[in-house]
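Visitor: Next up is a structure, given as structure tokens.
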Amino acid sequence: NTKENENIEGFFIGEGDLLINDNYNFHNFLKENHEVPIWLGYKKKLKDYIVGNFLLYFPISHFEELEQEFQKQTRLIYSDRFFTKLYRKGFIKLKDCSVAKEIEHWSNVINAVRKQ
């Protein structure tokens, strides 16, 4: 329930292999004053798909709508596919340039090491 703590202004969803770019910090984020959900960190934008959901921000005012979107999803899909769908619906905006990348790590999806 979002009414339980009225001091929460928003929340982040980030992948465990997240590495925020050196030139982006919390002061940059606060200056941008995001009032709608925004996809801050991603690998690349393709014609019909955004690869990598490294870092997303959701103002608490959009929590219930996001929760409804989660409930509509009845089958398992990759999370970046889910968020791409919300981007195409206009629910999530995409930052013009990604502020994050991923650290080198083992990926079960590709069964190999993902390089930075």
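Visitor: Based on DSSP H runs of at least 4 residues, each adding -39500 (n - 2.57), what is the mean residue ellipticity at 222 nm of the chain after dividing by all its residues, to the nearest 500 deg cm²/dmol?
Guide: -6500 deg cm²/dmol
Visitor: The list (1) 36, 31, 30; (2) 43, 38, 27; (3) 59, 34, 19 gives values of Cα extents along the principal axes in Å, and only one came from this structure; which label was calculated from it?
Guide: (2)
Visitor: Give me the 1.4 Å probe accessible area per residue for the chain, excluding ligands and nucleic acids, in Å².
Guide: That works out to 69 Å² for each residue.
Visitor: Give the range of the longest stretch in the chain that excludes all trypsin sites (Lys or Arg not before Pro) found in loop regions by DSSP and having at most 11 other beta-carbon atoms within 10 Å.
Guide: Counting only loop sites that pass the neighbour cut-off, the longest clear stretch is 4-46.
Visitor: Let me ask something else about it. Using the Karplus curve 6.51 cos²θ - 1.76 cosθ + 1.60 with θ = phi - 60°, work out ³J(HN,Hα) for each residue of the stretch 40-48 in order, rounded to whole Hz, and write x for Gly and Pro.
Guide: After applying 6.51 cos²θ - 1.76 cosθ + 1.60, I find 8, x, 7, 7, 7, 9, 8, 4, 10 Hz.
Visitor: Quote to one decimal, in nm, the extra length available between GLU67 and ASP96 on full extension: 0.36 nm per residue of separation minus the C-alpha distance between them.
Guide: Additional length available on full extension: 7.9 nm.
Visitor: Tell me the carbon and sulfur percent of the accessible area for the chain, rounded to whole percent, probe radius 1.4 Å.
Guide: It is 49 percent, rounded to a whole number.
Visitor: Can you find, among PHE91, ILE20, TYR49, the residue farthest towards the positive end of the dipole of the chain? Put +1 on the C-beta of Lys and Arg, -1 on that of Asp and Glu.
Guide: My answer, from the dipole projection, is TYR49.
Visitor: Next question, about the same structure. If you find the alpha carbon centre of the stretch 55-116 and of the stretch 16-53, how far apart are they in angstrom?
Guide: 10
Visitor: Right, next: Under the rule of at least 5 residues apart or a separate chain, name every residue whose amide H is placed under 5 Å from the amide H of PHE11.
Guide: Amide H neighbours of PHE11: PHE58, ILE60.
Visitor: Going 7 Å from the Cα of ASN23 along its beta-carbon direction, which residues of the stretch 35-76 have the amide nitrogen within less than 13 Å of the resulting point?
Guide: none
Visitor: Let me ask you something else. What's the extension gain from GLU32 to LYS45 if we count 0.36 nm per residue and subtract their Cα-Cα distance?
Guide: 2.6 nm
Visitor: Compute the projected area of the convex hull of the Cα atoms of the stretch 35-89, averaged over all viewing directions, and report it in nm² to one decimal place.
Guide: Average of the hull's projected areas for the stretch 35-89 equals 3.9 nm².
Visitor: Report, largest value first, the span of the C-alpha coordinates of the stretch 63-116 along each principal axis, in whole Å.
Guide: 35, 29, 17
The values are calculated or read from the model by the stated rules, or taken from the named source; none is laboratory data. Values in this document were obtained by computation on a predicted structure and should not be read as measured data. Don't worry about glycine lacking a Cβ; one is built from the backbone with ideal geometry, like all the others, and counts go over all protein chains shown. Ligands, DNA and RNA are excluded from the accessible area calculation, which covers all protein heavy atoms including side chains. Shrake-Rupley method; radii C 1.70, N 1.55, O 1.52, S 1.80 Å.
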